[in-house]
Amino acid sequence: PLLGGGDACVASTLARKDFEVSVLLKKVAAMSKERECAQQQCMQLEAHVLRLEAREETVRAECSEELVDAIEEGRLRVGVVEAEVGEWRDKTARLHQELTTYREVQSVRGAEAEVETLRERVKGLEEEQRWKRCA
(Lines give C-alpha, C1' and ligand atoms only; values in the text may rest on other atoms or scores of the structure.)
Protein backbone atom coordinates (compact mmCIF):
# COMPACT_ATOMS: atom_id res chain seq x y z
CA PRO A 1 0.00 0.00 0.00
CA LEU A 2 1.15 3.52 -0.79
CA LEU A 3 -0.40 4.96 2.34
CA GLY A 4 -1.38 3.35 5.60
CA GLY A 5 -5.03 4.15 4.95
CA GLY A 6 -4.82 3.72 1.16
CA ASP A 7 -6.47 0.31 1.18
CA ALA A 8 -9.35 1.67 3.26
CA CYS A 9 -9.77 4.57 0.85
CA VAL A 10 -9.84 2.24 -2.15
CA ALA A 11 -12.24 -0.11 -0.37
CA SER A 12 -14.51 2.82 0.50
CA THR A 13 -14.43 4.03 -3.10
CA LEU A 14 -15.22 0.54 -4.37
CA ALA A 15 -18.10 0.17 -1.92
CA ARG A 16 -19.52 3.53 -3.02
CA LYS A 17 -19.15 2.56 -6.68
CA ASP A 18 -20.86 -0.80 -6.01
CA PHE A 19 -23.76 1.05 -4.40
CA GLU A 20 -24.01 3.51 -7.31
CA VAL A 21 -23.96 0.62 -9.78
CA SER A 22 -26.70 -1.21 -7.88
CA VAL A 23 -28.86 1.93 -7.90
CA LEU A 24 -28.28 2.35 -11.63
CA LEU A 25 -29.07 -1.31 -12.29
CA LYS A 26 -32.36 -0.95 -10.41
CA LYS A 27 -33.26 2.11 -12.48
CA VAL A 28 -32.30 0.30 -15.69
CA ALA A 29 -34.41 -2.70 -14.68
CA ALA A 30 -37.40 -0.47 -13.95
CA MET A 31 -37.05 1.31 -17.28
CA SER A 32 -36.63 -2.01 -19.09
CA LYS A 33 -39.76 -3.37 -17.43
CA GLU A 34 -41.71 -0.25 -18.44
CA ARG A 35 -40.44 -0.65 -21.99
CA GLU A 36 -41.44 -4.33 -22.03
CA CYS A 37 -44.93 -3.42 -20.79
CA ALA A 38 -45.24 -0.80 -23.53
CA GLN A 39 -44.12 -3.32 -26.15
CA GLN A 40 -46.57 -5.92 -24.82
CA GLN A 41 -49.42 -3.44 -25.00
CA CYS A 42 -48.34 -2.54 -28.54
CA MET A 43 -48.46 -6.18 -29.57
CA GLN A 44 -51.88 -6.62 -27.96
CA LEU A 45 -53.22 -3.56 -29.74
CA GLU A 46 -51.81 -4.76 -33.06
CA ALA A 47 -53.41 -8.18 -32.57
CA HIS A 48 -56.69 -6.46 -31.75
CA VAL A 49 -56.46 -4.42 -34.95
CA LEU A 50 -55.85 -7.58 -36.98
CA ARG A 51 -58.86 -9.28 -35.40
CA LEU A 52 -61.02 -6.25 -36.13
CA GLU A 53 -59.90 -6.19 -39.76
CA ALA A 54 -60.51 -9.92 -40.21
CA ARG A 55 -63.94 -9.59 -38.62
CA GLU A 56 -64.73 -6.65 -40.86
CA GLU A 57 -64.12 -8.73 -43.98
CA THR A 58 -66.39 -11.51 -42.74
CA VAL A 59 -69.20 -9.17 -41.78
CA ARG A 60 -68.92 -7.22 -45.01
CA ALA A 61 -69.45 -10.40 -46.98
CA GLU A 62 -72.56 -11.36 -44.97
CA CYS A 63 -74.29 -8.18 -43.93
CA SER A 64 -76.80 -5.68 -45.21
CA GLU A 65 -76.29 -2.00 -45.98
CA GLU A 66 -77.05 -0.82 -42.43
CA LEU A 67 -74.22 -2.97 -41.10
CA VAL A 68 -71.84 -1.42 -43.62
CA ASP A 69 -72.31 1.87 -41.76
CA ALA A 70 -71.39 0.15 -38.50
CA ILE A 71 -68.28 -1.25 -40.18
CA GLU A 72 -67.26 2.25 -41.22
CA GLU A 73 -67.57 3.31 -37.60
CA GLY A 74 -65.41 0.32 -36.67
CA ARG A 75 -62.81 1.52 -39.14
CA LEU A 76 -62.71 4.83 -37.36
CA ARG A 77 -62.13 2.96 -34.12
CA VAL A 78 -59.37 0.94 -35.79
CA GLY A 79 -57.78 4.25 -36.75
CA VAL A 80 -57.88 5.32 -33.12
CA VAL A 81 -56.33 2.03 -32.01
CA GLU A 82 -53.63 2.34 -34.67
CA ALA A 83 -52.87 5.84 -33.42
CA GLU A 84 -52.53 4.42 -29.90
CA VAL A 85 -50.17 1.75 -31.21
CA GLY A 86 -48.09 4.49 -32.82
CA GLU A 87 -48.01 6.43 -29.55
CA TRP A 88 -46.82 3.33 -27.68
CA ARG A 89 -44.12 2.77 -30.26
CA ASP A 90 -43.00 6.39 -29.90
CA LYS A 91 -43.03 6.09 -26.12
CA THR A 92 -40.98 2.89 -26.29
CA ALA A 93 -38.44 4.56 -28.57
CA ARG A 94 -38.23 7.59 -26.24
CA LEU A 95 -37.75 5.35 -23.20
CA HIS A 96 -35.01 3.47 -24.98
CA GLN A 97 -33.26 6.74 -25.92
CA GLU A 98 -33.62 8.08 -22.37
CA LEU A 99 -32.18 4.86 -20.99
CA THR A 100 -29.22 5.06 -23.36
CA THR A 101 -28.61 8.73 -22.50
CA TYR A 102 -28.94 8.00 -18.77
CA ARG A 103 -26.36 5.21 -19.00
CA GLU A 104 -23.95 7.48 -20.88
CA VAL A 105 -24.35 10.32 -18.38
CA GLN A 106 -23.85 8.00 -15.43
CA SER A 107 -20.76 6.53 -17.03
CA VAL A 108 -19.26 10.01 -17.53
CA ARG A 109 -20.17 11.05 -13.99
CA GLY A 110 -18.56 7.92 -12.60
CA ALA A 111 -15.37 8.54 -14.56
CA GLU A 112 -15.26 12.18 -13.41
CA ALA A 113 -15.67 11.09 -9.79
CA GLU A 114 -12.88 8.55 -10.13
CA VAL A 115 -10.57 11.18 -11.65
CA GLU A 116 -11.33 13.56 -8.78
CA THR A 117 -10.64 10.82 -6.23
CA LEU A 118 -7.31 10.04 -7.87
CA ARG A 119 -6.40 13.75 -7.91
CA GLU A 120 -7.08 13.94 -4.19
CA ARG A 121 -4.91 10.88 -3.56
CA VAL A 122 -2.08 12.37 -5.65
CA LYS A 123 -2.30 15.63 -3.68
CA GLY A 124 -2.15 13.65 -0.46
CA LEU A 125 0.87 11.68 -1.63
CA GLU A 126 2.64 14.85 -2.78
CA GLU A 127 1.96 16.49 0.57
CA GLU A 128 3.27 13.41 2.38
CA GLN A 129 6.42 13.44 0.24
CA ARG A 130 7.00 17.13 1.07
CA TRP A 131 6.75 16.37 4.79
CA LYS A 132 9.14 13.45 4.46
CA ARG A 133 11.70 15.62 2.63
CA CYS A 134 11.44 18.30 5.29
CA ALA A 135 11.90 15.81 8.14
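Please enumerate the residues belonging to the range 22-58 that are β-branched (Val, Ile, Thr), exposed (fewer than 14 other Cβ atoms within 10 Å of the Cβ) and more than 26 Å from Ser107 (Cα to Cα). Residue satisfying the conditions is Thr58 alone.
Remark: pairs (first residue in the range 1-29, among the acidic types (Asp, Glu); second residue at pLDDT below 85; Cβ separation under 6 Å; 6+ apart in sequence or on different chains) = Asp7/Pro1. Do we have Glu82 as modelled with pLDDT of 85 or more, surrounded by 12 or more Cβ atoms within 10 Å (Cβ to Cβ) and in a helix (DSSP H, G or I) here? When the stated conditions are applied, Glu82 passes them. Inspect all residues belonging to the range 77-99 and state whether any of them is farther than 30 Å from Ser32 by Cα and either in contact with a strand residue (DSSP E or B) (Cβ under 9 Å, 6 or more places away or on another chain) or of a type in the set (Val, Ile, Thr) (or both). Within the range 77-99, none of the residues are farther than 30 Å from Ser32 by Cα and either in contact with a strand residue (DSSP E or B) (Cβ under 9 Å, 6 or more places away or on another chain) or of a type in the set (Val, Ile, Thr) (or both). If the condition is being charged (D, E, K, R), closer than 28 Å to Gln44 by Cα and either open to solvent by less than 80 Å² (accessible area, probe 1.4 Å) or touching a residue at least 24 places away in the same chain (Cβ under 8 Å) (or both), then the range 87-135 contributes Arg89, Lys91, Glu98.
The values are calculated or read from the model by the stated rules, or taken from the named source; none is laboratory data. The structure displayed is predicted, hence computed values, not measured ones. Cβ atoms come from the backbone with ideal geometry, glycine included; neighbour counts cover every protein chain shown. To get the accessible areas, we keep the full protein, side chains included, count just its heavy atoms, and leave off ligands, DNA and RNA. Shrake-Rupley method; radii C 1.70, N 1.55, O 1.52, S 1.80 Å.
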